[in-house]
Amino acid sequence: MYKTDLETLKKETKVFRFGASTKGGQRANRKETGIRLRHIPSGIEVKVIRERFQTQNLKIAFKQLQERLEKLNRPKKKRIPTRIPLGAELRRLKGKRIIAERKQLRRKPISE
C-alpha cells in the first residue's frame, strides 16, 4: 500500500525537468517546462508536457501520480470460477469433430 497524500508523495518522488516542444511557442522551446516524476517506492513514472508553465505541469503530474497509486492500492477482485455454458462446449466439440474427420480423409487407405 502506497500513501497518496501530497506531502508524502513530494518526499518519495524525484522530479526531473526537461525542455518540451509544446504550445507556448518560443518560450516553451527555451524553458524547461516538461516534468517527469519518478515515485521511488513503486517505480511508477509520470511524464507531463501538457501546459505552457512548469508549475501547472507539476500539479498535473502529481495528480496523475496520485491516481495511478490509488489504482495500485485497490484490492483486486477475486475471480469466481464459472462453468462453461453447454452450448459453448458443444460448439467446441463439434469443431474438433469436423477437423478430426478432415484429417481422417487425408489418410491413405488401408490395404489388406
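The values are calculated or read from the model by the stated rules, or taken from the named source; none is laboratory data. Just so you know, these numbers come straight off a predicted model, no measurement behind them. Ideal geometry is used to build each Cβ from the backbone, glycine not excepted, and the neighbour counts take in all protein chains shown.
Residues in region 52-68 that are hydrophobic (A, V, I, L, M, F, W, C) and either part of a helix (DSSP H, G or I) or surrounded by 15 or more Cβ atoms within 10 Å (Cβ to Cβ) (or both): LEU58, ILE60, ALA61, PHE62, LEU65.
Search region 23-38 for residues that are farther than 14 Å from ILE60 by Cα and pair each with any residue that is at pLDDT below 75 and surrounded by fewer than 15 Cβ atoms within 10 Å (Cβ to Cβ) when their beta-carbon atoms are under 8 Å apart and the residues are at least 6 apart or on different chains. Filtered contacts from region 23-38: ALA28/SER21; ASN29/SER21. State whether the residues of region 69-76 include one that is in a helix (DSSP H, G or I), among the charged types (D, E, K, R) and at pLDDT below 95. So far as region 69-76 goes, yes, one or more of its residues are in a helix (DSSP H, G or I), among the charged types (D, E, K, R) and at pLDDT below 95.
Report yes if GLY87 is at pLDDT below 90, surrounded by fewer than 16 Cβ atoms within 10 Å (Cβ to Cβ) and either among the small types (Gly, Ala, Ser) or touching a Gly at 6+ places or on another chain (Cβ under 9 Å) (or both), otherwise no.
The answer is no for GLY87.
Here is a yes/no grid of residues against (1) part of a strand (DSSP E or B); (2) touching a strand residue (DSSP E or B) at 6+ places or on another chain (Cβ under 9 Å); (3) exposed (fewer than 10 other Cβ atoms within 10 Å of the Cβ); (4) not hydrophobic (A, V, I, L, M, F, W, C):
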site	(1), (2), (3), (4)
GLU32	no, yes, no, yes
LEU37	yes, yes, no, no
LYS47	yes, yes, no, yes
PRO81	no, no, yes, yes
LEU105	no, no, yes, no
ILE110	no, no, yes, no
